[in-house]
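For reference, the structure discussed in these notes is given below.
Rule-based calculations on the coordinates, nothing more; no lab input. Just so it is clear, the model here is predicted, and its values are computed rather than measured. Positions of Cβ are backbone-derived with ideal geometry, glycine not excepted, and every protein chain shown enters the neighbour counts.
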Amino acid sequence: MDTTLNHKQKLYMDMSYADYFNVKARGLSKKVENLVQCDNFCAYDIDESNLIRREILQFKNQYPNTHNVLYINIPFCATRCGYCPYFVEIYNKSRVCEYLDALELEIDRIKDTPYVKSTEFECLYFGGGTPSMLSPSEIKRLLTKVFSSFSFTADGEFTFESNPATLTEQKILMLKEIEINRVSLGIQTFNDRILKEMDCAHNSDKARLVINQLLNIGISVNADMMFGYQSQSEDDIVRDIMELKSIENLNQVTYFPLRIIDNTELEKYNYGKEKITIEQHNKKLLKLDKLVDTNMTNIGYIREESPIFYFNKNSHKHRYISTSARVLGLGAGGGTLIDYGESINHSDIEEYISNLKKNGYGTKSAAFLTKEQAFERHILYSIVYLNRSLSDFKDVINSNFKDYYNVSADDKIEKVISDMKKLKFIYEDDNGKLIITKRMWNVLGQIQIGVPSII
Ligand code: SF4
């Protein structure tokens, strides 16, 4: 691999993963300021990135049967929710057709690479946006292409992120027929006043109906909920959790804190009138996090990750830990995190489509990684996303690491913690608990728009 690397790429490969991550954020967004000392080089170059994206798929997968996820981004929604920070467009039939053409081009470009040929994916995840916005014929077209181009394990988990407003009985039957076995349902809250204020396309009755229809037909459901909205009271949150309790056989719940990212529309939307600072908002989120946690535990759910992922103790865990799986990402904003490197596609749909038409790739940035960096990446994301309140937190990271790589993490965990502390990504509180800093959340917010958030 060395012969194909230029000076800049070699420079990345000499860095710790935390340092590289820091530089990556700088390259992806000019909005995150004061992040990196290495001002003398720009993190990414588009032509190089296309080349690197191609190169990292030229290696066979060393772990062909474990923790492999195929992520496909469908960046279309029925309406634009007021708090949404993602790159999405309102559904439009001809635009979706153009997008599916581009996606098929991307699939054709990579389906015969050694990496794809040697991989059996355990998880197929359609994220967005709102994949369930697609019409039955569009869904069939997409699934036919995907199933004929990639291999999946016999017990694969196939998830469709969905909005209740877009799921008709006919569409649910079709999802079942094409073997979708899990739906992550964007409920947000059962409070109709708040749903209306947030410009959501569904109401609570529709959410209840769809949950029942999905569970009755044998499709697992993750209830995707949210807390921290400006006018949502603590009582409103507790009422939502009581409603979750009443849903028999619900499998998992994700509780997202409505985090404010510097300089986003979201900041203006949420605080334009009240002038509450981000620090005040973050304090409020910490308090609400505890409220959610206590109440979710009381109703029998077990917390696995942060942002707050719970599974019903009577059901099964979700397969993956957000971003520490080996992910091959396709579509606008699709992020790839594999053992040889990583890449991210253009989030802007127009740029993604035009780049694919021009040169066969929609890649915005990419880099090779050494094996050690890939190990450190796994640990860094685990530190951010696993439940850091657990007393055996580091043991959990170590055990997941062994499961992924068949080797022990040894002193790598302490190294990554030390690297992250140096970059002011984390600090230890008086009780020795690791706390993620605002700086880190800002970096993650920039990096993860469009990158797999597999829930
Ligand atoms: S459904 Fe999700 S992705 Fe779509 S506009 Fe609302 S928040 Fe954004």
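For segment 153-161, 3J(HN,Hα) computed residue by residue from phi via the Karplus equation (6.51, -1.76, 1.60; θ = phi - 60°) reads 5, 4, 9, x, 9, 10, 10, 10, 5 Hz, glycine and proline entered as x.
Given +1 at the Cβ of Lys and Arg, -1 at the Cβ of Asp and Glu and no other charges, the dipole of segment 143-184 around its Cα centre is 120 debye to the nearest 20. Which of Lys24/Lys145; Lys117/Lys176; Lys287/Lys421; Lys245/Lys284; Lys206/Lys283; Lys93/Lys364 have a Cα-Cα distance over 30 Å? Correct reply: Lys24/Lys145; Lys206/Lys283. Gain on full extension, evaluated as 0.36 nm per residue between Glu120 and Glu351 minus their Cα-Cα distance, stands at 80.1 nm.
Positive end of the dipole of segment 44-409, charges at C-beta (+1 Lys, Arg; -1 Asp, Glu), about the Cα centre: which of Asn345, Ser162, Asn181 has its Cα farthest in that direction? The residue sitting most towards the positive pole is Asn181. Taking amide H as placed 1.01 Å from N in the peptide plane, the amide H of Ser365 sits under 5 Å from that of Ile344, each at least 5 places away or on another chain. Applying the Karplus relation 6.51 cos²θ - 1.76 cosθ + 1.60 with θ = phi - 60° to segment 111-125 yields 3J(HN,Hα) values of 5, 9, 6, x, 5, 5, 4, 9, 10, 9, 7, 8, 9, 10, 10 Hz, where x marks Gly and Pro.
Counting only Cβ charges, +1 for Lys and Arg and -1 for Asp and Glu, the dipole size of segment 189-246 around its Cα centre is about 220 debye. Phi angles across segment 398-410 convert, under the Karplus curve 6.51 cos²θ - 1.76 cosθ + 1.60 with θ = phi - 60°, into 3J(HN,Hα) values of 4, 5, 5, 4, 4, 4, 6, 10, 6, 9, 7, 6, 6 Hz, Gly and Pro given as x. Amide H contacts of Met225 (H built 1.01 Å from N, in plane; Pro and chain starts excluded): Gln188, Thr254, Tyr255, Phe256 sit under 5 Å, all sequence-distant by 5 or more or on other chains.
Of all DSSP beta bridges located in segment 44-409, what percent are antiparallel, nearest 5? Around 35 percent antiparallel, to the nearest 5.
A simple spin-label model places pseudo-atoms 7 Å from Cα toward Cβ; at Ile178 and Lys93 they are separated by 1.7 nm. Counted residue by residue at 0.36 nm each, then reduced by the alpha carbon distance between them, the extension gain from Ile435 to Leu390 reaches 14.9 nm. Around the amide H of Ser151, modelled in the peptide plane, lie the amide H atoms of Phe121, all under 5 Å away and 5 or more residues distant in sequence or on another chain. Counting 0.36 nm for each residue step from Thr153 to Asn65 and taking away their Cα separation leaves a gain of 30.9 nm.
For segment 44-409, the dipole from Cβ point charges (+1 on Lys and Arg, -1 on Asp and Glu) about the Cα centre works out to 260 debye, to the nearest 20.
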